[in-house]
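S.K.: Quick one: structure below, then a few questions.
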Amino acid sequence: KSCQTGKISTAETAVQSHTSRDAGVQTDQSEDAVQDFQQEVQADYASLLSFLQRVEDAVIKELNKNWRSRAFDGFEVNWTDQNETVLCLHTLSYPEAQDQNLQVTSVSWNATGSVVACSYGRLDGGDWSTEKSYVCTWNLDRRGLNPQRPDLLVDVPSSVMCLAFHPSQPSLIAGGLFSGELVVWDTSRTEDPVIWRTGMTDDTHTDPVYQVNWLPDAKRRNHARLLSVSTDGKILVWKEEQDGRLALAEGFALVAQQIPRSAQLKKFAWGEAAVGVTSLSFSHFDPRVFVVGVEGGYSVKCSTAAEKLALHQPGSSVPLRAPAELAFSPHGGPVYSVSCSPFHRQVPNLFLSCGTDGQVHLHSMLQTQPLISLQLSKKYLFCVRWSPVRPLVFAAVSGEGNCNKCFCFIGDVHLFDFEKSSQKPAISMKQAVGECPVYCLEFNIKQTRLLAAGDATGTVKVWQLSSDFTEQGPREMNHLEQLANEITD
């Protein structure tokens, strides 16, 4: 049979080039040939300038047209697949501390975001002031990371209750002790890392230190002062001295009688006794404003600009001032953690609080009643932190006990996203085995996909968050502002 297609026609033609020339490879060319080649490709800058001048008006016109266009309003570019997957990257621990049944009381990331530190101590009662404890650090970027062998191990004679890395010097870390002392370690000094400490003086806290913060020093650039809070009711600011001593620079005392009353707040014991401070968070829009959580269940707005002296002056070398400005509607038990919103321009006055009643409160500093109350657990919530990159995301960790709803579990790390729900977590990660609470957590502000959490088993878990929790949407700030305004109104 004949083929289906017709006869294929062919023709011959000469190559396009009529001349040819041989050339050696580049490595065989002489230096003169290379110079000649470089000279041949030099740009004609005069012609380039003339061209740019000719097209300038047309380009500016088009750019202005695009800038005024609203064609892509509300359009969201999704470069990556969004998901809610959260992975446990590392499970870190120090076996000797675990053998002593010590708990992770605090975690902190250093200024580069590559090193995580944890403190070991006890948070479940008892006199642990003389029990040996530890501070451990791991560099997660180091090859050969051993999750059960810290890169640095510091022995501490008293239980360490809290930690805070210096905001700009990656090797400095401060700790607050059960004894009331403060210590600053330099992790680059392996032999004797202690560089400053308060010692036991009349200025030293008489109760355990539950939080330390680094503050910018207005008088000396590139320096920072250290702030500490304790259940003795004192909020103290320390400066370093040449002899390795931390000296008291200024201080405040929280006294119930000097906390402004509100018609809605009737359960407060309005006496002259000191009010135990458990946590503190500074505002990101006004460096003088901070919020504290207290044992009486209240969050209290305070100011470092306060001038009135506190009624309670327990043998201090400097006058203690009364910083309280406003008390907010209380939790059903002690407040263990507060966290001010880092998104200060559009919504400057928001903060979160949590406590032993298992609730998270979203507050505005402009009113006493909470904007939102979330019942997360039947038992304790030990820590809450606002995401550094997502205005609608925060994390909280739960203690012992079962939840009254099925979305909460024992010893979990919970991630909330108000964009998805204002009533339940977007995801809950199982941190500890059995009825072991999670005591602390911190977002990594440099490597924003990392979140560290420490628990009562002596374990620190480093979680890797998905892009769903780290990439801000185009209207997210407006959503938070609208949420606050609508509820406030």
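The values are calculated or read from the model by the stated rules, or taken from the named source; none is laboratory data. For clarity, every value in this text was computed on a predicted model and none was experimentally measured. Glycine also receives a Cβ, built like all others from the backbone with ideal geometry; neighbour counts cover every protein chain displayed. The protein model used for the area step is the full one, side chains on, heavy atoms only, and it has no ligands, DNA or RNA in it. Shrake-Rupley method; radii C 1.70, N 1.55, O 1.52, S 1.80 Å.
S.K.: What does the range 195-248 give for Rg and for Dmax, in Å, if only its C-alpha atoms count?
M.R.: Cα radius of gyration and Dmax of the range 195-248 are 11.3, 32 Å respectively.
S.K.: Provide the packing ranking of 246-253, 46-53, i.e. peptides ordered by the mean count of other C-beta atoms within 10 Å per residue, highest first. Please list the in-between numbers first.
M.R.: Values: 246-253: 20.9, 46-53: 9.6.
Highest mean packing first, the order is 246-253, 46-53.
S.K.: Please give, to one decimal in nm, the separation of the simple spin-label points placed at ASN146 and ARG70, each 7 Å out from Cα toward the Cβ.
M.R.: It works out to 6.4 nm between the two label points.
S.K.: Sort all Cα-Cα distances of the range 135-176 into consecutive 5 angstrom bins from zero, then give the percent of pairs in each bin up to the one containing the longest distance.
M.R.: With 5 Å bins starting at 0, P(r) equals 5, 18, 26, 23, 20, 7, 1.
S.K.: Hey, what's the range 131-181 come to in accessible area per residue, 1.4 Å probe, Å²? Working shown, then result.
M.R.: On the way: 2090 Å² over 51 residues.
On a per-residue basis, the range 131-181 sits at 41 Å².
S.K.: On to the next question. Which FRET efficiency value, to the nearest 0.05, do you get for THR112 and GLU241 by plugging their Cβ-Cβ distance into 1/(1 + (r/R0)^6) with R0 = 22 Å? Could the numbers behind the result be given before it?
M.R.: Working: r = 28 Å, r/R0 = 1.26.
So the FRET efficiency works out to roughly 0.20.
S.K.: On to the next question. Starting from the Cα-Cα distance between THR201 and CYS88, subtract it from 0.36 nm times their residue separation and give me the gain in nm to one decimal.
M.R.: On the way: separation 113, 0.36 × 113 = 40.68 nm, distance 4.34 nm.
Result for the pair: 36.3 nm of gain on full extension.
S.K.: Could you state the per residue volume, in Å³, of the convex hull enclosing the Cα atoms of the range 341-382?
M.R.: Values: hull volume 2.9 nm³, N = 42.
So the per-residue Cα hull volume is 68 Å³.
S.K.: So, one more: Using every pair of alpha-carbon atoms in the range 85-230, split the distances into 5 Å bins beginning at 0 and state the percent of pairs per bin, rounded to integers.
M.R.: 2, 10, 19, 22, 21, 14, 8, 3, 1, 0, 0
S.K.: Per residue, how many Å² of accessible area does the range 301-389 show with a 1.4 Å probe? Can you show the working numbers first?
M.R.: On the way: 3280 Å² over 89 residues.
Using a 1.4 Å probe on heavy atoms only, each residue of the range 301-389 averages 37 Å².
S.K.: In addition: Carbon-plus-sulfur fraction of the accessible area of the range 273-339, 1.4 Å probe, in percent?
M.R.: Working: 1320 of 2470 Å².
Roughly 53 percent of what the probe reaches on the range 273-339 is carbon or sulfur.
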